[in-house]
Amino acid sequence: MLLMNVTDIKEAQYYRERYHTDDRYYLKKLLDRMIYRCQNENDKYYGARGISVCQEWLDDSDSFVNWALNNGWRRGLVIDRIDNHLGYTPDNCRFVTVTESNQNREMWTTDPQAMTRKCKSCGKVKPLTEFHKDKTRPMGRTYRCRECRNREAREKYTRVHHPIPEQMSR
Ligand SMILES: [Zn+2]
């Protein structure tokens, strides 16, 4: 059984209080957790996937805190990576509600172990080989599966070259 002495309890209360009232302290703790997840090689969503925190924020927690305070952070919002395959950088982060963050994560799901990705269009989980090669994208593949890309290209071609009568009459 873990026993805490009075000093420990007071200290715990102090930090809990501070966490709820001191925004800069709260944001530094957030940064600590981000760094911890990214440096933990057993964390399959962060460390194991090579997700990292940018050097600027690693070197200077105040630069992260200032960035957050100037870029829409408020209590109740979570930090969200816009492209789930890229790391924590000012360009790739924003503050959103938990619901928005879950939707974003859902949309970009890739399983690097199984080498599968959930298609952004049809939502089916398919092997990465079912996605066109694209060097600019994480793991060198597009976010939409071949089937969806081909279908979308066909639809676009049809719109441009063979407009349907309603569109022609406009
Ligand atoms: Zn698809």
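Just add up the charged neighbours of Lys133: K/R +1, D/E -1, any other residue whose Cβ is under 11 Å from the Cβ of Lys133.
For residues surrounding Lys133, the net value is +3.
Under the 0.36 nm per residue contour assumption, what length would be gained going from the current alpha-carbon distance of Arg159 and Gln39 to full extension?
Going from the current span to full extension adds 38.3 nm.
Tell me the label-point distance for the pair Lys10, Tyr25, using the 7 Å Cα-to-Cβ offset, in nm and rounded to one decimal.
Distance between label points: 1.5 nm.
Apply the Karplus parameterisation 6.51 cos²θ - 1.76 cosθ + 1.60, with θ equal to phi minus 60°, to every residue of region 56-62 and state each ³J(HN,Hα) to the nearest whole Hz, in sequence, with x for glycine and proline.
For region 56-62, the Karplus-derived couplings read 4, 6, 5, 6, 9, 5, 5 Hz, x marking Gly and Pro.
Given 0.36 nm per residue, what is the gain on full extension from Trp67 to Lys135 after removing their alpha carbon distance, in nm?
21.5 nm
Determine the gain in length on full extension of the stretch Leu86-Glu152; use 0.36 nm per residue of separation and subtract their C-alpha separation, reporting nm with one decimal.
Extending this stretch completely gives an extra 21.1 nm.
Taking the Cα centre of the chain as origin and charging only Cβ (+1 Lys, Arg; -1 Asp, Glu), how large is the dipole, in debye to the nearest 20?
It works out to roughly 1060 debye.
Assign one of three labels to region 1-84, namely rounded, prolate or oblate, based on the Cα gyration tensor with a ≥ b ≥ c the square roots of its eigenvalues; rounded applies when a/c is under 1.5, prolate when it is not and a/b is larger than b/c, and oblate otherwise.
Oblate, because a/c is 1.5 or more while a/b does not exceed b/c.
What shape does region 110-153 have by the C-alpha gyration tensor, where a ≥ b ≥ c are the square roots of the eigenvalues, rounded means a/c under 1.5, and otherwise prolate means a/b greater than b/c and oblate the rest?
Since a/c reaches 1.5 but b/c is at least a/b, the shape of region 110-153 is classed as oblate.
Per DSSP helix of 4 or more residues, -39500 (n - 2.57); summed, then divided by the residues of the chain. What does that give at 222 nm, rounded to the nearest 500?
-14000 deg cm²/dmol
If you average the alpha carbon positions of region 6-32 and of region 83-158, how far apart do those two centres end up, in angstrom?
Centre-to-centre (Cα) distance: 37 Å.
Which listed residue (Thr116, Cys145, Val160) has the Cα farthest towards the positive end of the charge dipole for region 115-170, taking +1 on Lys and Arg C-beta and -1 on Asp and Glu C-beta about the Cα centre?
With unit charges placed on the Cβ atoms, the residue in question is Thr116.
For a footprinting-style exposure proxy, rank Met115, Met34 by other Cβ within 10 Å, fewest first.
Least crowded to most crowded, the residues run Met115, Met34.
Separation between the Val78 and Cys54 pseudo-spin-labels, each 7 Å from Cα along Cα→Cβ, expressed in nm?
The modelled label-to-label distance comes out at 2.2 nm.
Only the coordinates and a few stated rules stand behind these numbers; no lab work does. Since this is a predicted model, take the numbers as computed values, not measurements. Cβ coordinates were reconstructed from backbone atoms using ideal geometry, including for glycine residues, and neighbour counts include every protein chain displayed.
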